[in-house]
Structures are given as C-alpha cells and as structure tokens.
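S.K.: Once you've had a glance at the structure underneath, I'll fire off some questions.
The values are calculated or read from the model by the stated rules, or taken from the named source; none is laboratory data. In this text the structure is predicted, and so the values were computed from the model without any measurement. Every residue, glycine as well, gets a Cβ built from its backbone with ideal geometry; the counts of neighbours run over all protein chains shown. For accessibility, only protein heavy atoms count, side chains too; no ligands or nucleic acids. Shrake-Rupley method; radii C 1.70, N 1.55, O 1.52, S 1.80 Å.
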Amino acid sequence: MVLLSGAVFANGNVQRSAALQSAREQVASQALLTATLDQETGARGFFQTGQKVFLQPWTQGTSAFGSSLSELRSLLSGNAGLEQSLSNQEGLANLWHAGTGAQILTLERTGRSQSDTSALRGKSVMDSFRAAHASFDTLLSQQRSQSLAAANWVAVAVAVALAALLSAGGLLLTRRMARTEETRHQDQSELRELLQASESEQESRELLIRHVEKLIPGAGAAVLHRNSNDDRLEIAFGEGDSPLRQANIERMRSRSCMAVRLSHAYDHRPGDERLKQCEICGQIKGTATCEPLLVGGQVIGSVLVASKTSIDAERSARLRDSVAQAAPILASQRNLVIAESQAASDVLTGLPNRRAADEVFKRMAAHAGRNVSPLTAVLLDLDRFKDVNDRHGHESGDRALAMVGRVITSTIRASDFAARFGGEEFLMLLPNTDRDAALLVGEKLRSAIEQTELVGIGSITASLGLAVLPWDAGEPEELLRKADRALYLAKERGRNRIHAFSQPALEAPIEV
C-alpha cells in the first residue's frame, strides 16, 4: 500500500509539474501579446485623436512587454527552438516599437500626424509579429501536448507495473483528466483568439457570454460593466432563457455587486445567511457565482453566472481563467471608446463638436439623397455674445452656451442631430423636414432661448438661418453656405429672428 501511494504521488508530481510549466508558459506568452496589443491600441488612439491619455497604455504595454519577455526567457531556457521563435518575436516587436515610437515623438513635437506610408509599414511589421506569435503559440501547444503525453505515459507505466493493485477505474480517470485538460486548452485558445480579433467591446462581451454558457451547460451568464460616471452597472445578457432573466438587475449601482465591491469572487447558494447579501445574487433562484473583471488591481465589472444546479470546482476554475483572459481586452476596448467619444464631444455643452458634425453631416446628406427626402440645416448664433463675455465674464458666457445646449437637446427630435459648431454657433440637422416644418422648429428654439433667464445675466437671444437640401443646395458644403447666408440676413435685419434661404430669382428670404 505504501508503494502504491508513493507511486501515485510521484506520478501526480510529474503531471502537475508538466501542467504547471506549460500553464506558466502560456500565461507569459499571452501577457507578451497583450502588452504588444496595449501598445498598439495606445499608439493608434494617439494617432487618431492626438489625446495623450493613449500614451498611458503605450507606456504600460512597453513595460509589461519587457517583463513578459524576461519571464519567457527564464521559462524556455535550454529549449533552442522556442528560444529562437521568441527571439524572432522580440526583433519584430522592437522594430515596430522603434518606428511607432518615432512617429509618436514626431506628433508630440511637431503636430504632424502619422503618414499613410508609416502606418502601412507599421501594420506590416505588426502583422509579421502576430504571425510569429501564432507560430510560437503553436510550438508551445505542441510542447504542452508532448509534456502531457509524457506524463500520461508515466501513468500508464505505473498502471502496468501495479496492475494487481490498480483498478480499471484509475486508468479511465487518468484518460478523462487528459481529455478534460485538452478540451480546456482548446476552449481557452479559441476564446483568446476570438477576443483578440473582436472589433468592439460589445462583440467581446457577447463572445465571453457565449463561451461561459457553453462552459456551464444550462447556466445563464451576464457581463456587468462598471460605469464610474454615474455609479451604475451596464448589463449585457446572453440570448438564452436563464435564471438571470427573472432578476431585476438592470438598474443596479456598482456597489450592488459584491464581487465588484470586494474585488474577489462571490458565490451565492439558496438559503445563505450572511451579514451582507449581494443585492443582485440575492434575487436569483438557484446557484450563482460572480467573478470580478480585474485589470491592474482595478475592478471594471464582473461576470455573473446563474445556474439551477451547483457549479463544480473544475468549471469554476475554468470560469476564472476565462474572466482573467477577457478582462484586459475589455478594458482596452472601453478606454478606446471613451477616448474617441471625448475627442468627438464638446466638454462645455455635451454636444458633438465640429469634427463629429462634419462626419454626421456627410452621412445624413447621403441618406437624404438616396431616399429623395429633404434635409434641413439650421445654424444658430447667439446675439451679441461678445458683450456677455465682456460685461459678465467668460464663466457667464460658458453658462449661456451650456444653457443653449440644453434647450436644443430638449427641443429637437431623437432623429435630429445637433452640435456646437464653434464659438457661440450651433448646427442642427433635421432629416425629413421641409422649410415650413424647420421654421417652426427654429422659432420654437429662438423663443425658448429668449424666455430662459440666466442668473446675473438675464435673457439672451439668438438668430437662426436655415437652408434645405435639395431645394436650396445640392451638396452639404453648399447647404452650409446657404444656411450661413440666411443667418447673416437674420443678423442684418435686427437679430433675434429666423430666416430661411431661398433662391433670389424666385423669392426673398422668408422671415418669421
């Protein structure tokens, strides 16, 4: 019996050592790729927006790349094939980093954006790095399979040597463990590959939910994203019918989730009697487990799984691995969305800025042309705004602009578009709206602004000019010029009024 116990213990150590070594190599390899993707995300965001907030993932990714590279070198010491493959990756990564870093410095010092040639060259090098990393992962997987196979052969040898003492169940268990480990590796590899190729945070959430629901049959999964701006959780559900659908969790605060609050996993069982119950899990009929999405020690949300039956330890461990793998990718995608939104928004009014307006205008004009429907452009300019700043200060002027932004937002339809076009000028785009209907909207805006009293300033007024596509112009740029001409006439004829442009040969500008 002692011999049997010793043999089983020694065999277990061989398998555990092989699995642990392979796991460390896989984790370090993934960290190397994630660090490179963080650098790429930061550089791309900086080149697109010029916002220095993107240099943080670039810097952090650079540091993380060096750490992961050192760890891999240590783990692969003596393995010539893998060391050569790692060296190839290092060379490509350094080549890309040097070129991209030079472009970043150029943009910081001169303001010149990255050229198309430089971007294509950088993309080519990055594609080569990805291909080299994919080959490296394949070599790691082959080595992992060989290590596990060697460990299994040891198990077979022990089974043969101690055939009189081992039952057939032991061999079946060993084979089952090997199949389970292989399945786990394949599932994790598939998830990692799909997440890296996803184009949006929403797509990544959906992939993670489907992966978890496949991992735990019969369970329902949801991704809870922590929105720090208004202290709430954004919920993404799976498509299937699950216990989560029965819980009212769509309007919860961030601290309602105990996994988010405590920064570690939280399990719920029917009949739990704890000092503090989770507001979300407490509504679920059945078993629930919640894993926090942790990135750099910060909790960005959690993954909630609800099941009518208990979740075994093996699937719980695989769930933790999946969540840990998805967290940094979700965080990077969310940071990119936030930065892009900030780059396209006016901080003072909350409306889109001129840059965003130009892009939307082109799309709405093209849509109007395809559907043969009118599109009205309305330009609004505050009257004597310079006097407001001179007499009451720029802070009062800012309050006036913010007020106008609120009036516009509360007046126009959901299908309309409004932007701060520059200074004290605003642009509204009204689809499927002819001249008469647009005049009514403009007059409503003018009246609402005039009737709004600002503390320390009193009332202010605005002048508006509008033009209609395709009656007044055939192209977006021409339409803006016509609306601006109508606005000029409104100013010239006394301000605090609205004019519609019309062709001089046909009729005079319309005044309301």
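S.K.: Go through region 264-278 residue by residue and tally those that are in a loop (DSSP other than H, G, I, E, B) and open to solvent by 50 Å² or more (accessible area, probe 1.4 Å).
M.R.: Number satisfying all stated conditions: 9.
S.K.: Also, I was wondering about something else. For region 107-151, which positions are open to solvent by 70 Å² or more (accessible area, probe 1.4 Å) and outside any helix (DSSP H, G or I)?
M.R.: Answer for region 107-151, where residues must be open to solvent by 70 Å² or more (accessible area, probe 1.4 Å) and outside any helix (DSSP H, G or I): R112, S113.
S.K.: For the structure I just gave you, tell me whether R232 is open to solvent by 60 Å² or more (accessible area, probe 1.4 Å), farther than 18 Å from I311 by Cβ, touching a Lys or Arg at 6+ places or on another chain (Cβ under 8 Å) and touching a residue at least 12 places away in the same chain (Cβ under 8 Å).
M.R.: Answer is yes for this residue.
S.K.: Still on this structure: So the check is Cβ under 7 Å with 6+ separation or different chains; which pairs have a first residue in region 266-295 that's of a type in the set (F, W, Y) and a second one that's in a helix (DSSP H, G or I)?
M.R.: As it stands, the answer is Y266/M258; Y266/A259; Y266/C281, since those pairs meet every condition given.
S.K.: Pairs needed: first member in region 92-118, without any contact (Cβ under 8 Å) to a residue 24 or more places away in the chain; second member anywhere, surrounded by 14 or more Cβ atoms within 10 Å (Cβ to Cβ) and of a type in the set (V, I, T); C-beta distance under 6 Å; at least 6 residues apart or different chains.
M.R.: Matching pairs, first to second residue: R112/T106.
Quick grid of which residues meet (1) more than 30 Å from F47 (Cβ to Cβ); (2) open to solvent by less than 30 Å² (accessible area, probe 1.4 Å); (3) in contact with a strand residue (DSSP E or B) (Cβ under 8 Å, 6 or more places away or on another chain); (4) among the aliphatic types (A, V, I, L, M):
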residue: I280; (1), (2), (3), (4): yes, yes, yes, yes
residue: A317; (1), (2), (3), (4): yes, yes, no, yes
residue: A326; (1), (2), (3), (4): no, yes, yes, yes
residue: D346; (1), (2), (3), (4): no, yes, yes, no
residue: F361; (1), (2), (3), (4): no, yes, yes, no
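S.K.: So, G271, is that one farther than 24 Å from R232 by Cα and among the small types (G, A, S) or not?
M.R.: So G271 fits the description; yes.
S.K.: For V378, are the conditions met, namely being over 25 Å from R355 (Cβ atoms), open to solvent by less than 20 Å² (accessible area, probe 1.4 Å) and touching a residue at least 60 places away in the same chain (Cβ under 8 Å)?
M.R.: It is false that V378 is over 25 Å from R355 (Cβ atoms), open to solvent by less than 20 Å² (accessible area, probe 1.4 Å) and touching a residue at least 60 places away in the same chain (Cβ under 8 Å).
S.K.: Further, regarding this structure: Kindly evaluate R184 against the criterion of being more than 21 Å from Q89 (Cβ to Cβ) and modelled with pLDDT of 75 or more.
M.R.: Here the answer is no, as R184 does not meet what is asked.
S.K.: Here's a follow-up. Is it the case that G422 is open to solvent by 30 Å² or more (accessible area, probe 1.4 Å), in contact with a helix residue (DSSP H, G or I) (Cβ under 6 Å, 6 or more places away or on another chain) and either small (G, A, S) or at pLDDT 95 or above (or both)?
M.R.: Taking the combined requirement at face value, the residue satisfies it.
S.K.: Ok, one more. Mind telling me which of the residues S373, S310 ends up being without any contact (Cβ under 8 Å) to a residue 60 or more places away in the chain, open to solvent by 70 Å² or more (accessible area, probe 1.4 Å) and polar (S, T, N, Q)?
M.R.: Being without any contact (Cβ under 8 Å) to a residue 60 or more places away in the chain, open to solvent by 70 Å² or more (accessible area, probe 1.4 Å) and polar (S, T, N, Q) holds for just one of S373, S310, which is S310.
S.K.: Right, another one. Looking at I235, is it aliphatic (A, V, I, L, M), in contact with a helix residue (DSSP H, G or I) (Cβ under 8 Å, 6 or more places away or on another chain) and modelled with pLDDT under 85?
M.R.: No: the conditions fail for I235.
S.K.: Same structure again: Mind counting the residues in region 282-303 that are more than 24 Å from T34 (Cβ to Cβ) and either open to solvent by less than 20 Å² (accessible area, probe 1.4 Å) or at pLDDT 85 or above (or both)?
M.R.: 5
S.K.: Which count do you get for residues in region 279-313 that are outside any strand (DSSP E or B) and of a type in the set (S, T, N, Q)?
M.R.: Matching residues across region 279-313 total 3.
S.K.: Consider A247 against the criteria (1) surrounded by 13 or more Cβ atoms within 10 Å (Cβ to Cβ); (2) modelled with pLDDT of 65 or more; (3) of a type outside the set (S, T, Y): it satisfies all of them except one. Which criterion is unmet?
M.R.: (2)
S.K.: Do we have any residue at all in region 82-93 that's surrounded by 14 or more Cβ atoms within 10 Å (Cβ to Cβ) and under 30 Å from A356 (Cα atoms)?
M.R.: no
S.K.: Across region 446-488, what is the number of residues that are within 12 Å of L375 (Cβ to Cβ), outside any loop (DSSP other than H, G, I, E, B) and aliphatic (A, V, I, L, M)?
M.R.: 7
S.K.: Against the condition part of a helix (DSSP H, G or I), out of contact with any Lys or Arg (no Cβ under 9 Å at 6 or more places or on another chain) and polar (S, T, N, Q), how does S316 come out, does it pass?
M.R.: Yes, satisfied.
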